[in-house]
Every structure is written in structure tokens, then in C-alpha cells.
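Engineer: Before I ask anything, here is the structure I am working with.
The values are calculated or read from the model by the stated rules, or taken from the named source; none is laboratory data. Given the structure is predicted, the values throughout are model-derived calculations rather than measurements. Cβ coordinates were reconstructed from backbone atoms using ideal geometry, including for glycine residues, and neighbour counts include every protein chain displayed.
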Amino acid sequence: MSKEKEELEVKTRYPIGDPIKHFFNRIIVGSKRFVDIKIPAAGSNLKSWATSFRGGFIITFLIILIIITPLMNDPVYYNTFIIAMIFSILAASWDILAGVTGQVSFGHSAFFGIGGYIFALFINAFGADWLTSIFMSAIFTVLIGLIIAIPSLRLKGPYLALGTLAFSLALYYIFQFPELHVENVYLPLSLKIFWFSNPMREFFIVLIFMIISVVIMLIIFNSRLGTVFKGIRDNEYATEASGINTVKYKLISFMISSFFAGLAGSLYALHYGTATFLMFENKLSFYPVVFTILGGIASISGSVMGAFTFVFLVRIISEFFSLLFPIELMTYIDTFAIVAFAIILVLIIRFSQHGIFEPIIKNAKKLWDILLGK
Amino acid sequence: MDTKNKAILGIIIIIAIAIPAILIPIIFPAILYPNLYILLNMVGVDVLKNLIETLIFGSSLGTILALISIGYSLVYGVGKIINLSHGMFYFLTGYLIFSFSVYGPVPYVYAIILSLVIITVIGASTYRFLIKPFHGNEIMVMIITFSLGFLIQQIILLVELLIPGYTFLSLDQFIGGSIDIFGAQFSFYRIFIMITSISIIALLLIFIKKTRYGKAIRAVSQDRDAAKLMGINYDGVLLFTVTLSAFLAGFAAFLYVPEEPLSMGTGWNFLLLSMSVVILGGMGSIPGTLIGAFILSYSKYLCQYFISESLAGVFHFFIIIVMLVIRPYGILGKKEKI
């Protein structure tokens, strides 16, 4: 009722004879409504989540992460953590698209690679600083991602998965065409020196990005927007029948997802100092799928935990393998890691369909209750 | 007209139309305007040779693609399974044949038989252990078959790295010799490929059309629950279909690998090629698959010779994307309730 009153006020205060002010007022009124939708009672939601067991578990984990890593000051640990955090942003972005809105796409590496390339191009061509470039690349990934999103709107189920897979693989091969002269884009030396000279600084910057991204995605998950997404996932016809424009909301979901995937791509390009066609590789679009399945499909925090677990598990297993095999094979660590990853992948998908974190957290909660004597 | 006759007629029509359609614009102008061809040859465009090569290479690739894609399409039509490790079955068979015959003391014929048996067993165990638990959920089946394909590729890479000097070289073509048509080599091996694969496809079609088990397969692809009510063992039919598709992929590998050596991207390449054939021709429809295979291979080679070589490598992606947007059930597919 109050919205109608507001609109009436606007219409009487600024009649048609004053179109510019009318226009701006409509934007203000519209965006106020949007903001209200996005953050309903965020404060109390956050408090109740944090004091619950699950929230406490995750917050403890984060605190351990933030305190222990700088104390160890080992570049290998920094590297692993940074990669884990970048992949967790990617996994959470895929989860918004697939776990929450039900649009399962196997082509997320397209957004990732486009983000990385645009970021590198921005820095090289416009000489902007890294922060602006990251945001601009995320925004442009959204715009270019619309090319992938709009045809995907009418596909469902396996056709959507195949179509997005075809898109991302096409991009992988197109970026290798000799005729198009697409080269690897290298970031300028000054930026690389600034970035790599202090791994702790990089760690904290990426950590801040990860926390902000995941918090935004959690807010979306818990808001009306998230509910609409879940409705589209569960029963698209019923949602459409309720009067919600599913096309618009599917597009919004694609846009949010590609924004964060582009963000992750830019951070990845920044971390490695180059943007190559390898960013479009097939396995990069399956990493978020695996991490999300590992952590539980429809929960953002689950996909983050899945990403961390996987990266660390692969690192631990490859170190374990390196102890067994002689030194000459140390150069093949990457391949060992990938074979370990693939074996774990098959086993875990086969045996734990709904993510291994729910049972772990439930059992940990039971243990905690027993310890507290409840 | 029933399926088998329609399909065989389709093949004959396609080849019959393609040959004159390509040769007539070559032969008549070449007779009437020989200067044109001399001019084009000076410019560097070997039009005649390219067209003949399109016909030859396109036909052989078309029959091989038909062999691989029929397995893929059958598996989808019967059980709605999208098997993303199909390309890896091809790759693995080629590798096994190579390792048994070159690095092992096994004679070539026994190597072929052994690897075909192995790939059949792998196909059966893929169904039994990986696909069957996830049966209702298409996305999970895609994920786990993709992981299996990825695993196979990484294990092969690892084996190559660990054992020094172990790289895939090539397989011998056991029928040598070729004839020369206007500058394009038409090897007898390709004729052998085409004859063998067409006969295998014809045998397969006879099996599906005439035998009782083939009728069971058709029944399950039409209506799963009604087939169960009729007493058909749905699980057994699916197992047979997946195993058969693995065998067909292995057989295609045995035929085509001597002609085109394996590389690391071959597995995924053949998977996507067969996927685009099936999407083009219609998921679950065998005549459509045959037509799609030939259309795709001819247009791929035409693109390679006349437009750009790199574009030919990604041509099938654009076919997938375009077909999914305008007509996802393919040319001859049935309009599913999506």
C-alpha cells in the first residue's frame, strides 16, 4: 500500500510536464523497492546463522584460516589457499546458477576465461589499476555472458548442459585459432612485482574478495530473489503460473553467476600473471560441479567448503605420492594430483550423492552435544 | 518403409547424390574451360583435388562417425543416458591395441581381439557400477561419465609419463596401396574402412529390426514401463546397449586409428563429433544418426578445404549450438516433451 502511495505522490508532485525529474524519481522509487527485496532483516539473519552450530563451525574454520596462514608464511600454503579461495568463488557462482536456480551448466569455464581475458586486456590496454580492472572485467563478463545466457534460456535439463558445454569448448578452441592471432595476455611487470612481492598481501586481498562475494551470494540466497530462484529450480511451471516472469529471473541468475565467475577469473589471471586459453579448459568447468557436489548442492557454504576440501585433499595426496615415488618423478606431481583428483571424484560422486558435508556437520553436532552433556 | 530399409536407402541416396553433385561441376567445366582450372591451380586453389578429397575423406569419416554415433544414440534412445565417456572408449581402445601389439609380444590380430574384449568389459562395468545407481537423474549420469572419461585420459597420460619412451606412435594400415584420382590419394584402406563399417551398421540394423532381442530394445526405447510390463528385462537391455556402444566405439577405433593417429584431444573430439551427429540427426533415431554423420563429415571437410582449417575443428560446436536453439530434437527426432 505504501508503494502505491509513493507512486501517487511522485505522479502528483511531478506531472508529465517535468519528465526528467519524473524519470529520476521513478528510478529512486524502483531501486528502493529492489534494495528492500535484497536485504530483508540482514542483521538478525546473520546473528541467528552465526550462533547456530553450522555457522559456528564455519566461522571457526575461517578464523583458523586467517590466523594460521600468515603465521606459517610458507608460499606453498599461500598458493594453495589462494587457489582454494578463487575456486570457492567460482564454485559458489556455479551453485547460484545450478543448485539454486536449477540451470545446470557444464560451461562455466567460459565465464571464468572471459573474465580473466578482459581483466588482462583492461590492464594492458587502458592501464587501469587492478581494482578497477577487476570490477570492470566482472561487469563485462556479465554483458558477454548474456550471449551465452540468452540462447540457454529455452533449453532445459541435459540440453542446457550440452549447449553450455559446447559453448565453453568452442571458446577453448577458438582462442587457439592461429588465424585470429589471439595471444596469451601478460600482465605488466610492475603489477606482477607489486603483487608477488608480498604473498601475505595477496592472501588477504583474495580473502576479502572471497568473503564479500560469498556474503553477497548468501544474502541473495536468503532473500526473496533466492526464493524465486529456488522456485524456478523446483517447479518452473508452478512458478510461472504464480505470475513470476521466469525468463527475467533466469537472466538475473545468469548475470549474478557470470559476475562472480568473471571475478574469480580475474583473480586467477592476476595470481598467475597471464591470461591464456588454458583458462577455458574443460576441467575448469567441472571443478565447480565437483566442489558443489562434494559440499552439498543447494548450499553456498557447502560449495565453498567443497572447494577448500578438494584443493587441500589433492595437495595432500600429491605430497603423499611424492613421498612414495623417487625424486625424478617430482616433476609429474601435477599429473599425480590430477589422477588422484579424478579417482576421488569418481568415488565421491558414486558414494555420496548429497555432499559429504551435511553428514559430517550433523555428526560433529551430535558429538558436540554429547560433549556438552545434552 | 521400415527402419532398416529406410536407413540403407538413405545411405545409398546420400552417396549417390553426393558423387554426381560434386563431380558434375568438376567434370563439365574442366572439359569446357580447362583454362579456369589452370588459373585456379596457379593461384593455389586446388579445387578439383580438394573436392575429390572431400568426397573420399568425408565418406570414410562419415561411416566411422556413423558407427560411433549409432552406439551413442542407441544408449540415449533406450535409457536417456548421455554417456560422456564414449569418446574415451575410442581413445582407450586405440591405446590398448597399440600397447599390446607394439610394447607387448602379442600379434596384431590377438591385440585387436583382446582390446575389444577389454573395452566391452569396461563398457559393461561402466553401466553396472557407475550409471545404474544414478539412473533417474540425467545430470548426475553426465557428471559421472564425464569423470570416468577424465580419469581414463589422465591415467593414460600418467602411464605415458611414468614409463619412459612410451608414446603412441601409430598403427599400421594392414591393407596398403592407393589409387590416385586427379591428385588425391584414395587408399584401399579407406575402401576397407567404408565397406567394413557399412556392413557392421547393416548387421546392426538387421539385428534391431528382425531379431527378438532387437524388438525388446525398440520396445524399451519407446516406452520403458510398458516394456517392463511385457516382461522385458529393462536392466539387461540397457546393459546390452551400453556394452554394444562401447564395442562399436572400440571397433571404430580399430578401423580408423591407423588412418588418423591418436592425440590427446582425440577422445573429447570424437565425443563431441558424435554428440553433434546425434543432435543433428535426432536423439534416439538411427536413420537420423546416419544422415547426420554424413552431413557433418562432408560439411566439415568442405569447410576445411574451402574456408579455413581451424574452423573445421570447431565446426561441430556451432552445429550443436545452432541445433539446440532451433530444433533440439534434431532432423528426424521425435518432439519430446521437454
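Engineer: Out of segment B:127-154, which residues are touching a helix residue (DSSP H, G or I) at 6+ places or on another chain (Cβ under 6 Å), surrounded by 22 or more Cβ atoms within 10 Å (Cβ to Cβ) and among the aromatic types (Phe, Trp, Tyr)?
Structural biologist: B:TYR127, B:PHE150
Engineer: Out of everything in segment A:129-163 that is modelled with pLDDT of 90 or more and among the polar types (S, T, N, Q), what residue ends up being surrounded by the most Cβ atoms within 10 Å (Cβ to Cβ)?
Structural biologist: Top of the filtered list is A:THR141.
Engineer: For segment B:122-141, how many residues are farther than 14 Å from B:MET88 by Cα, part of a helix (DSSP H, G or I) and of a type outside the set (D, E, K, R)?
Structural biologist: Going through segment B:122-141 one residue at a time, the tally reaches 11.
Residue by residue, here is whether (1) of a type in the set (Ser, Thr, Tyr); (2) within 29 Å of B:PRO287 (Cβ to Cβ); (3) in contact with a strand residue (DSSP E or B) (Cβ under 7 Å, 6 or more places away or on another chain) holds:
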{"residue": "B:SER73", "(1), (2), (3)": "yes, yes, no"}
{"residue": "B:TYR76", "(1), (2), (3)": "yes, yes, no"}
{"residue": "B:ASN83", "(1), (2), (3)": "no, yes, no"}
{"residue": "B:TYR90", "(1), (2), (3)": "yes, yes, no"}
{"residue": "B:LEU96", "(1), (2), (3)": "no, no, no"}
{"residue": "B:VAL102", "(1), (2), (3)": "no, no, no"}
{"residue": "B:PRO107", "(1), (2), (3)": "no, no, no"}
{"residue": "B:LEU130", "(1), (2), (3)": "no, no, no"}
{"residue": "B:MET142", "(1), (2), (3)": "no, yes, no"}
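Engineer: Another question about this same structure. Mind checking which helices (runs of 4 or more DSSP H) fall wholly inside segment B:203-305 and carry at least 1 residues that are surrounded by 20 or more Cβ atoms within 10 Å (Cβ to Cβ) and of a type outside the set (Gly, Ala, Ser)?
Structural biologist: Those helices (runs of 4 or more DSSP H) span B:212-222, B:234-256, B:266-281.
Engineer: I've got another one for you. Residue under question is A:GLU179, and the condition is that it be within 14 Å of chain B (Cβ to nearest Cβ) and at pLDDT below 85; does it hold?
Structural biologist: Considered against the rule, which asks whether it is within 14 Å of chain B (Cβ to nearest Cβ) and at pLDDT below 85, A:GLU179 comes out as yes.
Engineer: Next question. Only one of these is outside the structural domain of A:ILE174 (by TED's automatic domain parsing), of a type outside the set (D, E, K, R) and modelled with pLDDT of 65 or more: A:SER44, A:SER93, A:SER52, A:SER88. Name it.
Structural biologist: On inspection, the qualifying residue turns out to be A:SER52.
Engineer: Further question: Out of segment B:276-305, which residues are within 14 Å of chain A (Cβ to nearest Cβ) and among the hydroxyl-bearing types (Ser, Thr, Tyr)?
Structural biologist: Once the filter is applied, which keeps residues that are within 14 Å of chain A (Cβ to nearest Cβ) and among the hydroxyl-bearing types (Ser, Thr, Tyr), segment B:276-305 yields only B:SER276.
Engineer: Further question on the same structure: Take the residues in segment B:295-309 that are aliphatic (A, V, I, L, M) and modelled with pLDDT of 85 or more; name whichever of them is nearest to the chain's Cα centre (by Cα).
Structural biologist: The selected residue is B:LEU296.
Engineer: For segment A:266-275: of the residues being in contact with a strand residue (DSSP E or B) (Cβ under 8 Å, 6 or more places away or on another chain) and at negative phi, which is nearest to the other protein chains (Cβ to nearest Cβ)?
Structural biologist: A:ALA275
Engineer: Here is a check on your reading of the model: is A:LEU278 more than 14 Å from chain B (Cβ to nearest Cβ), aliphatic (A, V, I, L, M) and farther than 17 Å from A:VAL346 by Cα?
Structural biologist: Taking the combined requirement at face value, the residue does not satisfy it.
Engineer: Before we move on, is B:SER308 within 14 Å of chain A (Cβ to nearest Cβ), of a type outside the set (A, V, I, L, M, F, W, C) and free of Cβ contacts under 8 Å to residues at least 40 places away in the same chain?
Structural biologist: yes
Engineer: Considering every residue within segment B:109-126, establish whether at least one is among the aromatic types (Phe, Trp, Tyr), away from every other protein chain (no Cβ under 12 Å), surrounded by fewer than 22 Cβ atoms within 10 Å (Cβ to Cβ) and over 17 Å from the mean Cα position of the chain (by Cα).
Structural biologist: For segment B:109-126, residues among the aromatic types (Phe, Trp, Tyr), away from every other protein chain (no Cβ under 12 Å), surrounded by fewer than 22 Cβ atoms within 10 Å (Cβ to Cβ) and over 17 Å from the mean Cα position of the chain (by Cα): present.
Engineer: Please determine, by comparing only the residues of segment B:190-199 that are among the aliphatic types (A, V, I, L, M) and under 14 Å from B:ALA253 (Cα atoms), which one is surrounded by the fewest Cβ atoms within 10 Å (Cβ to Cβ).
Structural biologist: Filtering segment B:190-199 for residues that are among the aliphatic types (A, V, I, L, M) and under 14 Å from B:ALA253 (Cα atoms), the one surrounded by the fewest Cβ atoms within 10 Å (Cβ to Cβ) comes out as B:MET194.
Engineer: Take the conditions out of contact with any Pro (no Cβ under 7 Å at 6 or more places or on another chain), at pLDDT 90 or above, surrounded by fewer than 24 Cβ atoms within 10 Å (Cβ to Cβ) and assigned to a helix (DSSP H, G or I) and apply them to B:THR93. Does it pass?
Structural biologist: No: the conditions fail for B:THR93.
Engineer: Of the residues that sit in segment A:92-128 and are among the small types (Gly, Ala, Ser) and surrounded by fewer than 24 Cβ atoms within 10 Å (Cβ to Cβ), which one is nearest to the other protein chains (Cβ to nearest Cβ)?
Structural biologist: Of everything passing the filter in segment A:92-128, A:GLY102 is nearest to the other protein chains (Cβ to nearest Cβ).
Engineer: For segment A:84-136, name all the residues that are among the β-branched types (Val, Ile, Thr) and within 28 Å of A:GLY226 (Cβ to Cβ).
Structural biologist: Within segment A:84-136, A:ILE86, A:ILE89, A:ILE96, A:VAL100, A:THR101, A:VAL104, A:ILE114, A:ILE118, A:ILE134 meet the criteria.
Engineer: Are there any pairs with C-beta distances below 6 angstrom linking a residue in segment B:115-129 that is touching a residue at least 40 places away in the same chain (Cβ under 8 Å) to a residue that is polar (S, T, N, Q), with the two at least 6 apart or on different chains, and if so which?
Structural biologist: Listed pairs, sorted by first residue: B:SER115/B:THR93; B:ILE119/B:THR93; B:THR120/B:THR243; B:GLY123/B:THR243; B:ALA124/B:THR243.
Engineer: Follow-up question, since we're still on this one. Being polar (S, T, N, Q) and free of Cβ contacts under 8 Å to residues at least 24 places away in the same chain is the filter; apply it to segment B:131-152 and report the residue that is farthest from the other protein chains (Cβ to nearest Cβ).
Structural biologist: B:ASN137
Engineer: Against the conditions (1) at pLDDT below 75; (2) of a type in the set (Val, Ile, Thr); (3) closer than 25 Å to B:MET142 by Cβ, where does A:VAL311 fall short? Just the number, please.
Structural biologist: Against the list (1) at pLDDT below 75; (2) of a type in the set (Val, Ile, Thr); (3) closer than 25 Å to B:MET142 by Cβ, A:VAL311 comes up short only on (1).
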